[in-house]
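The values are calculated or read from the model by the stated rules, or taken from the named source; none is laboratory data. These figures come from a predicted structure and were not determined experimentally. Virtual Cβ from ideal backbone geometry, glycine too; neighbours counted across all protein chains shown. Remember, those area values only see protein heavy atoms, side chains included, never the ligands or the DNA or RNA. Shrake-Rupley method; radii C 1.70, N 1.55, O 1.52, S 1.80 Å.
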Amino acid sequence: MFTTKEIVRAGDLLRRYPFTAAGLAVIVTLGAVFRTFVTQVDQHSWADRISYGVPAFRDDRWWAVFTGAPFAITPLCYVAVLGSFAAFVGLAEHRLGTARTMIVWAVGHVAGVFGAIGLVDLTGSALVSAVDVGPSGGAMAAAAVCTATFAPRWRWRARIALIAYVVGSLVLVAHLADVVHMVAVVVALPLGPLFLRRAARATEAEPAVHQLAAHGGGTLSWMTTWPGTEYFHGTDGYVAYRRHAGVAVVVGDPVGSPRWQQAAPALFAAHCDRERLVPAWFSVGSATVDAVGGHRLQVAEDTIVDLAGLEFRGKKWQDIRTARNRAAKDGIAFRLVTLADEPASVRRQVREISASWLAGKRTPELRFTLGGVDQAMDPRVRVGLAIDEHGTVHGVTSWLPVFDDNGKPQGWTLDMMRRRADGFRPVVEFLIAEACLAFQAEGAAFVSLSGAPLVRTGDGPAPVGQRLLDRMGTVLEPLYGFHSLHAFKAKFQPRRVPLYLAYRSTAELPRIGLAILCAYMAKPAAATPAFAPVPLTHPAVAAAQVA
């Protein structure tokens, strides 16, 4: 007997991939009914009636192209038939949707069979008397069409491998099925773009910026405006996400009205079901986790410095005072600027410092929730520079705006931190301290020093998944220094706010982990070349414009 969990999983398969599941069920059922698992098709009296080939078409049995689809020549062939159908058609249904996959398979199967029979008949091949069964022509067509959905690098590799397989099989094996496969792939490859999903995906950042101006956002919300982000829009808010490995990895909390923030998780889950995606809410607060329901894991810890009454006095601020005093002694000045407006010599130095810093790392650069110089070039992002009296830039930090519901920055989030290898050593402490005082003077309420990944304060009881994540942070510490970074930020006496991963099912966790890894390792999308004028000014810029 089947367990309840197995029945639920089967129902989920039918709901998400109904064409693939139905096709597999038909093949298995008819194979069992006609006992083709234990005998070959051509040993049955009805074999000629269901098989397609030149003889069938000469006898006007054109409908054999469909009656032969659910069968295989031998019992062993069923392994390949079921496997290829599940893999290729299932992938197509995931990438293209059910309706398009049905069309792809039908067109590929019919074109492959008719084309192969015509080719064999016209050339007078030895296969003129051969017959065949099976759905593999349509499955190969589905694989060919799916290559159009891959990234360019993988698209051509997949197509070369597919062509090599069908040509190699035709030369080495030379069965009628191999001719069907070749024709199906040749027909389907150029048609791939016609079957791509045309689902409406808002990818422009400016609508998100206007929503942020209208409703405000959290410390990660500005990252939702970066290139490569997709949006699920509501009437008074949006959810921003990245699409990797069949998972919609949400970036931060929903942006919008309080009512939207409460309703967004359920609406977004329905959107993901339509898109056949697994929803995963990454680096969100406890309120969003409660609205999502399901499971949670703490994946980071945000560090917030409240600016009201901030003074770098007392023993606990000794390191910060030392950095500021030494900067004054060495002639290092602080400037809070819009990097896009700086002279070319300054911008060049910033890029050189960033490139040198990245080149010195032993591990791949982490992206996704970490920006770089391109993101810092946005005129709505503030950049702190440490420059000596000779015009040499010693360090750079970038700060992302955190808006209130009036479209004004109520806080700033630290993003990029870079220092010159042979420059002023405590430059980062100096830059952060000076930025805090500058933002305090402008009326900001707080700055976020960003979340420290895989860091969790406290050693209280934790579920197994959380303990494994904590262990992962310890293992990766020599490579990425997450705990060291967290300890550095502790110099600024921040309050700590946990950030969570919210997800529906433990069974989805491996796939979600892969998607988050892909998001961090993915090559950054091209930045938008121009920024639309949005009234999001801050005091320093406004004063400069008046002057």
Those residues of region 86-114 which are open to solvent by less than 10 Å² (accessible area, probe 1.4 Å) and in contact with a helix residue (DSSP H, G or I) (Cβ under 7 Å, 6 or more places away or on another chain), in sequence order: VAL89, ALA92, GLU93, LEU96, THR101, VAL104, GLY108, HIS109, GLY112, VAL113
Any helices (runs of 4 or more DSSP H) falling wholly within region 173-275 and containing at least 3 residues that are under 24 Å from the mean Cα position of the chain (by Cα) and modelled with pLDDT of 90 or more: 258-275
When residues of region 205-253 are limited to those that are in contact with a helix residue (DSSP H, G or I) (Cβ under 6 Å, 6 or more places away or on another chain) and among the acidic types (Asp, Glu), the one surrounded by the fewest Cβ atoms within 10 Å (Cβ to Cβ): ASP236
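Those residues that are of a type outside the set (Val, Ile, Thr) and buried (at least 22 other Cβ atoms within 10 Å of the Cβ), I need them from region 402-414; list them, please.
PHE403, PRO409, GLY411, TRP412, LEU414
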Candidate set: region 293-308, residues that are closer than 22 Å to ASP415 by Cα and small (Gly, Ala, Ser); chosen: the one least open to solvent (accessible area, probe 1.4 Å): ALA300
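Any residue in region 326-337 that is open to solvent by less than 60 Å² (accessible area, probe 1.4 Å), of a type outside the set (Val, Ile, Thr) and under 30 Å from ALA507 (Cβ atoms)? Show your work before the answer.
Filtering region 326-337 down to residues open to solvent by less than 60 Å² (accessible area, probe 1.4 Å) leaves 327, 331-334, 336-337.
Then drop every residue that is not of a type outside the set (Val, Ile, Thr), which leaves 327, 331, 333-334, 336.
From the residues that got through so far, the ones that are under 30 Å from ALA507 (Cβ atoms) too are none.
No.
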Meets criteria (within 30 Å of LEU514 (Cβ to Cβ) and open to solvent by less than 10 Å² (accessible area, probe 1.4 Å)) for LEU385: no
Qualifying strands (runs of 3 or more DSSP E) (wholly inside region 325-410; at least 1 residues being basic (Lys, Arg)): 333-337, 382-387
Residues that are closer than 24 Å to ARG274 by Cβ, without any contact (Cβ under 8 Å) to a residue 60 or more places away in the chain and small (Gly, Ala, Ser), drawn from region 66-112: ALA87, ALA92, ALA99, ALA106
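Kindly indicate whether GLU311 is open to solvent by less than 70 Å² (accessible area, probe 1.4 Å) and closer than 23 Å to ALA490 by Cα.
No, not satisfied.
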